[in-house]
Amino acid sequence: MSSLRVISGTAGGHRLRAVPGDSTRPITDRTKEALFNIIRQDLPGGALLDLFGGTGAVGIEALSRGAAFVRFVDRERRAIQTIHQNLEHTGLAAGADVMQGDAFALLRRRPDRQFDYIYVAPPQYKGLWKLALEVLDENPGWLVEDAWVIAQIHPKEYEELTLAHLVEFDQRKYSNTLLVFYERVEQID
């Protein structure tokens, strides 16, 4: 596996620590670069929620490229420690909120802020991405109007979802990674 790094922005070139063990599946540089080429126009000044944060690579890339705020959520203590170390190393901790806890419990709570983007990259093959989208769809107050939710899954995991507040509008496949893009819309009857 290639080493993790921040690709562009104020922390571009900084290496990131990996989470010890094999509990995370870091995003590849190719996939991360493609993702940020898609979302770059609306990212500066925006807010991103990095669910299942792992190393923090996606949220740190967002901060490096001008996001005003990123909240990282992961239930694993080692992941939380790694995110804190990577934020300190890149000098981007000021724009971050790091929470150790269950992503689903967070999404079920009353929102304390809204996000322009929510990135969902849970452990594979457990249906967790689907559950995250369903819970978010039941509590869409986490999302600004026209917000995007992006699920990072293995292509074999994909299935079409019928949701009230989120509509799939794009997919991008990069090797064994599929990014599925959803947009918040008014409730569909």
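The values are calculated or read from the model by the stated rules, or taken from the named source; none is laboratory data. Predicted model, so just to flag it, every value in this text is computed and none were measured. Cβ placement follows ideal geometry from the backbone for every residue including glycine, while neighbour counts extend to all protein chains displayed. The accessibility values were calculated without ligands, DNA or RNA, using every heavy atom of the protein model including side chains. Shrake-Rupley method; radii C 1.70, N 1.55, O 1.52, S 1.80 Å.
Overview of results
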read-out: Modelled FRET efficiency - R0 25 Å, residue 17 with residue 102, Cβ distances, 0.05 increments; value: 0.60
read-out: 3J(HN,Hα) from dihedral phi, segment 77-90, Karplus parametrisation 6.51/-1.76/1.60, rounded to Hz, x for glycine, proline; value: 4, 5, 5, 4, 4, 5, 4, 4, 4, 5, 5, 5, 4, 8
read-out: Estimated D of segment 78-189 in µm² per second, where Rh is the Kirkwood radius over Cα pairs and Stokes-Einstein applies at 10 °C, 1.306 mPa s; value: 104 µm²/s
read-out: Phi-based couplings in Hz for segment 119-130 (Karplus 6.51, -1.76, 1.60; Gly and Pro marked x); value: 9, 10, 9, x, x, 6, 6, 10, x, 5, 4, 5
read-out: Whole-angstrom Cα spans of segment 30-129 along principal axes, big to small; value: 31, 30, 26
read-out: Interchain or long-range residues, amide H under 5 Å from residue 97's placed H; value: 70, 71, 72
read-out: Protection-proxy order for peptides 90-96, 50-56, 70-76, each taking the mean of Cβ atoms within 10 Å per residue, highest first; value: 50-56, 70-76, 90-96
read-out: Residue-normalised accessible area of the chain, given per residue in Å² at a 1.4 Å probe; value: 48 Å²
read-out: Helical contribution to [θ] at 222 nm, DSSP H n ≥ 4, -39,500 (n - 2.57), averaged over the chain, rounded to 500; value: -8000 deg cm²/dmol
read-out: Residue (of 176, 128, 148) at the positive-pole extreme of the chain, dipole from beta-carbon charges; value: 176
read-out: Convex hull volume per residue in cubic angstrom - Cα atoms of the chain; value: 106 Å³
read-out: Net charge contributed by nearby residues that have their C-beta within less than 13 Å of residue 17 (K/R +1, D/E -1); value: +2
read-out: Förster radius 41 Å - calculated FRET efficiency between residue 78 and residue 114 (Cβ-Cβ, nearest 0.05); value: 0.90
read-out: Residue-span extension gain [residue 88 to residue 176] - 0.36 nm each, minus C-alpha spacing; value: 28.6 nm
read-out: Other-chain or far-sequence residues with amide H under 5 Å of residue 118's (modelled H); value: 49, 148, 149, 150
